[in-house]
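Quick notes on the structure that follows.
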Amino acid sequence: MKKQLAGALVLAVLAPSAFASKARLQALGEDNYGSQFINDNRNIWLNAAQINNHKDLVTYEFGTENSSDDAATARGEGGVYKSMGNMVYGVHFGGASSTANALRTGAGLTGAAEQNNVDVFVGGDAGLKWGANLGYAKTADESGPLSAESMRTRLGVIMGDFQAYGNVNLINNAKGTDGDKFEGKLGYQVGVIQAWEGNTIFADYRSFEAENKTQKDDIGLKRLEVGFGRVERLNDKSNLFLKASYLMADVENDASTNNFGVGNCGTGNAAVLCEEYKTSQVPVTVGLETEATSWLTLRGSVGAVVWGSEEDKDNERTIQNATIINAGATLKFGELSVDGVVGNSTGTATAANGTDSGTLRTDVLMSRVSMTYRF
């Protein structure tokens, strides 16, 4: 009994990890906007009720004011989340939607990405954990045609081992620097998550529609993922993360003429750049996170599509080049943690060795740097 109690105390200390950021999720092969089975404060963007599990902290994602958000061009954002009794409140700045931006780009608009984003969160725990979010962004250029406005809400609940969430687009309108007008229609993401004997089973469905009002072009994206995840504790310092899912996506974009030979199709937001795209696939990811020292945690993952096919209006083929390697690290300073992706390439050519892809860069320690402080 004493050994079991001691083990439970160790897990209680280590499970609510101080590591929490886009950098961590990317290194473990997960979506930057949350994971169904890995504990991380980014999960509030997937299920707003997760704010009850990630409170009394300040978080920063270092970057610029870029409209895109990836390891090479990280977008800066940050927020603070504070508990008061059995309630939790939070405010976050800069949390633009990559999906909203991708839809505007796919519809042919120029320079109309979301800016000035403000998100407010509230949650509570009265036996049932609940959470709600309202996000708003607006920008206008009085000297030119550029204007944009968006509003969305997120709602979620956690009942023991079960979670349910719904994220709904309320407003997504824009006018690009090219004068084209964009109007987002009903867009939503719904999902359920069930923990069961150390495993997690989940289903996530997304549907987004929009129109280039100037060109009369419609654009739509539908995506379904049903999967399984597991966190296997190897010892008191290391966790193994396993995930497998069935994923299908369907895109139609009247504003695009791209196909496999021209565009950058895929299951992510880049799929909206394609005129027509369909895919069915089974991706598998294996990740590892270990405490190398008291002040350093290392993590990495490998993901691959073990089966899959994709097609546009002119082509059909099996999924190609579908293995992705990620690595990351966390530097810990008491209650402060600094996360980052360990990069191995700038993607640029050098006179010495052509491109430096596949080499460990020592002149840049980490990219997509995040900082979290817990109080």
Worksheet item: Consider N117 against the criteria (1) over 13 Å from A49 (Cα atoms); (2) more than 21 Å from the chain's Cα centre (by Cα): it satisfies all of them except one. Which criterion is unmet?
Response: (2)
Worksheet item: Taking D178, is it surrounded by fewer than 16 Cβ atoms within 10 Å (Cβ to Cβ) and among the charged types (D, E, K, R)?
Response: yes
Worksheet item: Looking at I38, is it modelled with pLDDT of 95 or more and more than 22 Å from T297 (Cα to Cα)?
Response: no
Discussion item. For the range 196-215, give me each residue that is polar (S, T, N, Q) and either assigned to a strand (DSSP E or B) or touching a Pro at 6+ places or on another chain (Cβ under 9 Å) (or both).
Written reply: N199, T200, S207, N212
Worksheet entry | Residues being among the charged types (D, E, K, R), over 21 Å from S207 (Cβ atoms) and buried (at least 18 other Cβ atoms within 10 Å of the Cβ) - total across the range 269-320 | 3
Worksheet item: Consider G85 against the criteria (1) surrounded by fewer than 23 Cβ atoms within 10 Å (Cβ to Cβ); (2) touching a residue at least 60 places away in the same chain (Cβ under 8 Å): it satisfies all of them except one. Which criterion is unmet?
Response: (2)
Discussion item. Yes or no: the range 108-115 includes at least one residue that is in a strand (DSSP E or B) and either out of contact with any helix residue (DSSP H, G or I) (no Cβ under 7 Å at 6 or more places or on another chain) or buried (at least 22 other Cβ atoms within 10 Å of the Cβ) (or both).
Written reply: no
Item to complete: Looking only at the range 306-325, decide whether some residue is part of a strand (DSSP E or B), at pLDDT 90 or above and closer than 30 Å to V80 by Cα.
Response: no
Discussion item. Go through the range 134-163 and report how many residues are farther than 22 Å from G95 by Cα and in contact (Cβ under 8 Å) with a residue 24 or more places away in the chain.
Written reply: 7
Practice prompt. Tally the residues that are hydrophobic (A, V, I, L, M, F, W, C), in a helix (DSSP H, G or I) and more than 14 Å from V341 (Cβ to Cβ), restricting the search to the range 27-45.
Written response: 2
Worksheet item: Looking at I193, I219, I171, which is the one that is in a strand (DSSP E or B), touching a helix residue (DSSP H, G or I) at 6+ places or on another chain (Cβ under 9 Å) and among the β-branched types (V, I, T)?
Response: I219
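The values are calculated or read from the model by the stated rules, or taken from the named source; none is laboratory data. Since the structure is predicted, the reported quantities are computational estimates derived from the model, not experimental observations. So basically every Cβ, Gly included, is an ideal-geometry build from the backbone, and we count neighbours across all protein chains shown.
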